[in-house]
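The values are calculated or read from the model by the stated rules, or taken from the named source; none is laboratory data. All figures in this text were calculated on a predicted structure; none of them were measured in a lab. Cβ sites come from the backbone with ideal geometry, for glycine too, and all protein chains shown count toward neighbours.
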Amino acid sequence: MEYLEKQVSVDAAEETLRELTIDAPDPRIYEKVLYNWDAIAKPLDGLGRFEKLTARIGAISGTDEIDISRKAVVIMCADNGIVEEGVSQSGQEVTTAVARQMAKGASSVGKMAAYIGADTIPIDIGMAEKERIPGVLDRKIRCGTNNFRLEPAMTRKEAVRAVFTGIEVAADCKRKGYHILATGEMGIGNTTTSSAVTAALLKCDADSVTGRGAGLCDEKLWHKRQLITEAIEKYRLYEAEPLRILETVGGFDIAGLAGICIGGGIIRMPVVLDGVISMAAALLAERIVPGTVHYLIPSHQGREPAAGRLAEALGIESVIYGQMALGEGTGAVMMLSLLDMALSVYHGKTSFSDIRVKQYERY
């Protein structure tokens, strides 16, 4: 779209965001991919959901010659002021330490991405660390959010700017030739912000979507849930529109990931979601720009209780049920590897005539 080719003033950005529309993927390509699957020498629907997921990728990309050979994991790194309230076992210095490892390809997601030939793009969208980290893309909005127990996490302008940052990153990835993106994040305290965003968007009890994160004890888990409940009541978030929920209890990482999801819809590029933080961002994106969800590919359902509720709200079904809680984009990278394997069969095109067997028919 035209606005992606020029700078948009912050004042005009929110109006632009509200006016965005996303066209549905091409249903004809979707059906063509499924037709191609049926011509491959295997039982009908033999690869189950992977046949429909790859058809979805084809419809998004606009071709049945599906190519996801160039892939990247976009990792939004940010710190959250709510950490001051003791909602995590570790402090914000861990965000910086892990981001440094990501820059070297030495974190968990870096090792997994390298194994499948995917690039990692760590981005400082709001880390508390003031110094630039070589190898981490600097798109910092501010050095961490406010403590939402005391005041809104960010201003409206900062929230909108963070969302547009994600949109612009997605567009830049398209220009650089990537075919598919995966989402990742790093930020101590972001299971608190994602749970708060989820509870507010779904208008549900905070206890039902708030888990232990990296491993809280019972007392700290109760405290975490109480903080979210109090914030929802204090700011009347059950009555709030999506951007106000984001600016009040969200994080810069969530905002940036929402932008990646929206950007995927605009540029017609599939975006593979990671775990609960990415899924919260995805629901936020869908509420801001309806139709975004059609460009999102699920990966795994982790341990956090919000994951199932978010999948249901998005109308997607997770593929991997591994009880993971690592974050960084690791579940999304696993999904990329599974898609690669499924597409090896699709591109192999072994026909029934090749093996001298009559083709199966649908009845």
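Here are a few things to note about the model shown:
- Some residue of the range 46-54 being in a helix (DSSP H, G or I), among the acidic types (Asp, Glu), over 28 Å from Ser108 (Cβ atoms) and modelled with pLDDT of 95 or more: yes
- Remark: Glu129 falls outside the filter, which requires a residue to be more than 24 Å from Lys176 (Cβ to Cβ) and surrounded by fewer than 20 Cβ atoms within 10 Å (Cβ to Cβ).
- Here Arg287 passes the criteria (1) within 17 Å of Ala153 (Cβ to Cβ); (2) surrounded by fewer than 23 Cβ atoms within 10 Å (Cβ to Cβ); (3) not polar (S, T, N, Q) except the one numbered (1).
- When each of Ala200, Ala170, Ala206 is tested for being under 23 Å from Val293 (Cβ atoms) and free of Cβ contacts under 8 Å to residues at least 60 places away in the same chain, the lone residue that passes is Ala200.
- Residue in the range 334-355 that is touching a Lys or Arg at 6+ places or on another chain (Cβ under 9 Å), farther than 30 Å from Ala41 by Cβ and either modelled with pLDDT of 95 or more or in a helix (DSSP H, G or I) (or both) present: no
- Single match in Ala255, Ala240, Ala231 (criterion: of a type in the set (Gly, Ala, Ser) and under 20 Å from the mean Cα position of the chain (by Cα)): Ala255
- Residue within the range 253-266 that is modelled with pLDDT under 95 and either within 16 Å of Ala182 (Cβ to Cβ) or in contact with an Asp or Glu (Cβ under 7 Å, 6 or more places away or on another chain) (or both) present: no
- Only a single item in (1) more than 28 Å from Ala128 (Cα to Cα); (2) surrounded by 24 or more Cβ atoms within 10 Å (Cβ to Cβ); (3) modelled with pLDDT under 95 is not met by Glu304, and it is number (1).
- Cβ pairs under 8 Å, 6+ apart, first in the range 12-38 and farther than 20 Å from Ile60 by Cβ, second at pLDDT 90 or above and among the polar types (S, T, N, Q): Asp38/Gln359
- If you go through the range 253-270 and keep only what is among the aliphatic types (A, V, I, L, M) and closer than 21 Å to Thr95 by Cα, you end up with Ile254, Ala255, Leu257, Ala258, Ile260.
- Pair list, Cβ under 6 Å, 6 or more apart: the range 138-160 residue among the charged types (D, E, K, R), other residue at pLDDT below 95: Arg149/Glu85; Lys157/Val10
- Single residue of the range 70-101 satisfying the filter (among the acidic types (Asp, Glu) and assigned to a helix (DSSP H, G or I)) that is surrounded by the most Cβ atoms within 10 Å (Cβ to Cβ): Glu85
- Enumeration of residues in the range 217-228 that are surrounded by fewer than 21 Cβ atoms within 10 Å (Cβ to Cβ) and either touching a residue at least 24 places away in the same chain (Cβ under 8 Å) or touching an Asp or Glu at 6+ places or on another chain (Cβ under 7 Å) (or both): Lys220, His223
- Identification of helices (runs of 4 or more DSSP H) wholly contained in the range 102-209 with 1 or more residues that are of a type in the set (Asp, Glu) yields 156-175.
- Among the residues of the range 50-69, those that are touching a residue at least 40 places away in the same chain (Cβ under 8 Å) and either within 20 Å of the chain's Cα centre (by Cα) or surrounded by 19 or more Cβ atoms within 10 Å (Cβ to Cβ) (or both) comprise Phe50, Glu51, Leu53, Thr54, Arg56, Ile57, Ile60, Ser61, Ile66, Ile68, Ser69.
- Residue check for Glu85: out of contact with any strand residue (DSSP E or B) (no Cβ under 9 Å at 6 or more places or on another chain) and more than 29 Å from Gly263 (Cβ to Cβ): yes
- Members of the range 237-265 that are of a type in the set (A, V, I, L, M), closer than 14 Å to Arg18 by Cβ and either free of Cβ contacts under 8 Å to residues at least 60 places away in the same chain or surrounded by fewer than 24 Cβ atoms within 10 Å (Cβ to Cβ) (or both): Leu243
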